[in-house]
Structures are given as C-alpha cells and as structure tokens.
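Below is one structure, written out as structure tokens, with a few remarks after it.
The values are calculated or read from the model by the stated rules, or taken from the named source; none is laboratory data. It should be emphasised that the depicted structure is a prediction, and the values quoted were computed from it without experimental measurement. Counting neighbours? That spans all protein chains shown, and the Cβs are built from the backbone with ideal geometry, glycine included.
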Amino acid sequence: MYKLTHINTSVFSAKSFSNENPKNLIGTGPFKLIDQTNEKITLELNNNYFQGAPSVDRIEYTTITNPAAEYQKFLAGEIDYYHQSITKDGKKYENIINSDFPDIYYIAINCQYAPFNNEKIRQALNYAVNRENFTKFFNSVSISNTILPSNIQQSDSSKIVFPYIFNPQEARKILDENGYSSTYLGQEFTLVYPDSDPSFKSIAEKVQENLIDIGINLRLESKNAKELAVIYESSAQPAFLLTSFQYIPFPGSELYFLKSAFSTQNKGNYGNYGLFSSSIVDALLSSYNEITEKEKKTGAYIEIENTLLREAPWIFMMSRNKKIIRQNYLSGISIGQYGINLRKTFLINSGEPSPAEEKN
C-alpha cells in the first residue's frame, strides 16, 4: 500500500506500455514523451495538463555520464543547467538554485553479522572513517555530527553528543580490546554501493582505505537498482551498505524517519537496512509520539539521537543540499521534493534556441 500510494508512483495504461516502443506510453504529466534513446529523451508540452500547459514547449534530457564533461558542456552553452555536485572549481556563480531537502549519506552496518553485532566494534568503525574526505566529492556538504541535519531538527543540537572524531588509533584500540584482531583479522567483508552515481564509488573507496588501515579487509561491490531491491527485500544483507535518502521535513517527520531507519519492526525492506534491533531505542521511539509538551519532546529527541549515536548502527557520514546552476537566459526552474521542476521554466530571451536539458 505504501508503494501504491507514493507520490512518485503513477497510474498508466498497461496496454499502452511496451519496452520495445516507449512512445506508446500514456501518462498524465505536464509533458508528453516523444522519443527515447540511450542518448536522449525528448518531451513536448501537454496542452491538456490539469494544472495548465508548461511554459516550455520542448525538453531534451541528454545522457551525460561524466560530470566533468557535463560541466564543460554547460560552460560552452550546450546545456541549460548544470548539476553542481562533484566538480569544484572555486568559481562563484550568481544563478545558483538550492534544494531545501537534504540528502543524507550513511553506511548501514549489518548489526546481526559478527563481529558487527558488537556496538563497540561499530563505534570503532566510526572512529576509523575520515569524514572530511567526503567534502572532496560534493559541494554544500555538512559532515554529520547528528543523525538528522542540525538545521532541520526540532531540538537543540548542541546537546547531542557526537563522539566520533577521526581517530584511527582509538579505532584500533577498541578492536583489540574486543577481540577483533585475534578472531577476525584477515577475514574479508563486503561493502555494497549503488552504481547510479560515480560519487558513491569514490566514497566507498575512501571508506575502504580507512578501514583497511585499521585491519578490516573490505571488498567493494556496485549494484544497480534492481539488484539493490533484491538486497533490501532479503534477510541476507551484506556487512555494509552505502546508501542515501532525501529528508523531507514535515510535522512529525523526524519520528517517521527514525522509526523507519531504526525500529525493530522495520528491519530489512522497510528502511532498517542494517537489521538493527534495540529494545531501548524501540521504547524511546514508541513514547516520543505521546509527548505533547515542547520542552519534554525536545529532551526526548535528544535522548533518542544520543542513544543511537552510542549504539552506532550506521557509519555516520554527511548531508548534502543539491544545487544546480542555470544559464542566464533560463528562469523559473526549481528543485522540488522529487527532483528538478521544469513545468514553470521559461526562456528570458525568446530568441535563445537552446532547449532545457538535464543529465539523466
């Protein structure tokens, strides 16, 4: 029911859909699919759209897999906006559009997989990872010192204690004290990451480098969306799963997210990918929603975050707000909850021939 009622889920005619001829697809959006190849998707406006026809007649989504090439095409005026995510040239741009919905990156640790069923070992992993490395791959990065970004919390984040400053010596000490070196040294573990964005691979390689430095051998495996879905739905999770999600604030969203990610009842496909289970956390989450007094609710949230940080079901990493840079002649483009919104986009100079294009 959750998937059927999700805002990204659409109803379309089964008879109209064919993998061999995607142009037969009938939808209900502001644009109509005209053509689709491996290199480009072409859309034209839908005059019958219930919220009114879009301002742009035609959109071409061009596939560009190399971020550096995308940037060069933007500078050459060949594309109308650029995803400012990886390339960092130090230049200042006036036409930057920001998202209000941060992406939170983390590694779910399989908490039922020895030796990671020991919270001390999980704490050692967090000491071992140098989060400052992640600023090399993204703009607008905030290194995690809380589970939810401090600027969107309903609490005083200064009272949340984040203990994991990069300290490989402390990580090795904890591993030795908890028998890792005598029992698991030489064993290889797997970190799975999505193949949808080259930055995931870069992040995974940095984490692999950090963990090898403290004696944890890590094998990296990339998976496509279909393969990841199988992993999410199975009980045979890998030792580590690198992933991200977009946090969308709404009243009560902090509880919705924390329950999805950490409650025992949501283990596996429902969001708790590390199969984490804690009676203490379950009790805190259960009682949180019953608290109505603001000050007590703030205190309860702080207790939940501090408890989760101590139990370390994740390798806590970073949050990032998406940005795009538009050309001077393009206006009305925005970043919404579910991606870039082009419905109200228009060309300031009507003589400008470029269509709106996006890396797919």
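Against the condition acidic (Asp, Glu), buried (at least 19 other Cβ atoms within 10 Å of the Cβ) and under 27 Å from the mean Cα position of the chain (by Cα), how does Glu311 come out, does it pass? Considered against the rule, which asks whether it is acidic (Asp, Glu), buried (at least 19 other Cβ atoms within 10 Å of the Cβ) and under 27 Å from the mean Cα position of the chain (by Cα), Glu311 comes out as no. The set of residues in the range 226-244 being more than 18 Å from Ile107 (Cβ to Cβ) and either in a helix (DSSP H, G or I) or aliphatic (A, V, I, L, M) (or both) consists of Lys226, Ala229, Val230, Glu233. Only one entry of Ile59, Ile143, Ile79, Ile86 meets the criterion of being modelled with pLDDT of 85 or more and under 16 Å from the mean Cα position of the chain (by Cα), and that entry is Ile143. Collect the residues in the range 104-142 that are in a strand (DSSP E or B) and either of a type in the set (A, V, I, L, M, F, W, C) or surrounded by fewer than 22 Cβ atoms within 10 Å (Cβ to Cβ) (or both), keeping them in residue-number order. Result: Ile104, Ile107, Ala108, Ile109, Val141, Ser142. Applying a threshold of 7 Å to beta carbon distances and a minimum spacing of six or more residues, or different chains, the list of pairs starting in the range 264-288 at a residue that is closer than 19 Å to Ala300 by Cβ and ending at one that is assigned to a loop (DSSP other than H, G, I, E, B) reads Thr264/Ser277; Asp282/Ser263; Leu285/Ser263. Among the residues of the range 51-71, those that are exposed (fewer than 15 other Cβ atoms within 10 Å of the Cβ) and part of a helix (DSSP H, G or I) comprise Ala68, Ala69. Asn341: under 19 Å from the mean Cα position of the chain (by Cα) and assigned by TED's automatic domain parsing to the domain that holds Tyr81, yes or no? Criteria met by Asn341.
Answer yes or no: is there a residue in the range 272-287 that is under 19 Å from the mean Cα position of the chain (by Cα) and under 20 Å from Pro249 (Cα atoms). Yes, the range 272-287 has at least one match. Of all residues in the range 225-242, those satisfying the criterion of being without any contact (Cβ under 8 Å) to a residue 60 or more places away in the chain and touching a strand residue (DSSP E or B) at 6+ places or on another chain (Cβ under 8 Å) are Ala225, Leu228, Ile231. Within the range 175-213, if we keep just the residues that are among the aromatic types (Phe, Trp, Tyr) and more than 12 Å from Ile107 (Cβ to Cβ), the residue that is surrounded by the fewest Cβ atoms within 10 Å (Cβ to Cβ) turns out to be Tyr184. For the range 150-174, a residue qualifies if it is surrounded by 13 or more Cβ atoms within 10 Å (Cβ to Cβ), at pLDDT below 95 and either part of a helix (DSSP H, G or I) or of a type in the set (Lys, Arg) (or both), and the qualifying residues are Ser150, Ile152, Ser157, Lys159.
Yes/no matrix, rows are residues, columns are (1) of a type in the set (D, E, K, R); (2) touching a Lys or Arg at 6+ places or on another chain (Cβ under 7 Å):
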| residue | (1), (2) |
| --- | --- |
| Thr190 | no, yes |
| Asp197 | yes, no |
| Ile203 | no, no |
| Lys206 | yes, no |
| Glu209 | yes, no |
| Ile214 | no, yes |
| Asn224 | no, no |
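Residue-by-condition table, conditions (1) outside any loop (DSSP other than H, G, I, E, B); (2) at pLDDT 90 or above; (3) surrounded by fewer than 20 Cβ atoms within 10 Å (Cβ to Cβ); (4) touching a strand residue (DSSP E or B) at 6+ places or on another chain (Cβ under 8 Å):
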| residue | (1), (2), (3), (4) |
| --- | --- |
| Glu254 | yes, no, no, no |
| Asn269 | no, no, yes, no |
| Ser277 | no, yes, yes, yes |
| Val281 | yes, yes, no, no |
| Thr292 | no, no, yes, no |
| Glu303 | yes, yes, yes, no |
| Ile324 | yes, no, no, yes |
| Asn328 | no, no, yes, no |
| Ile335 | yes, no, yes, yes |
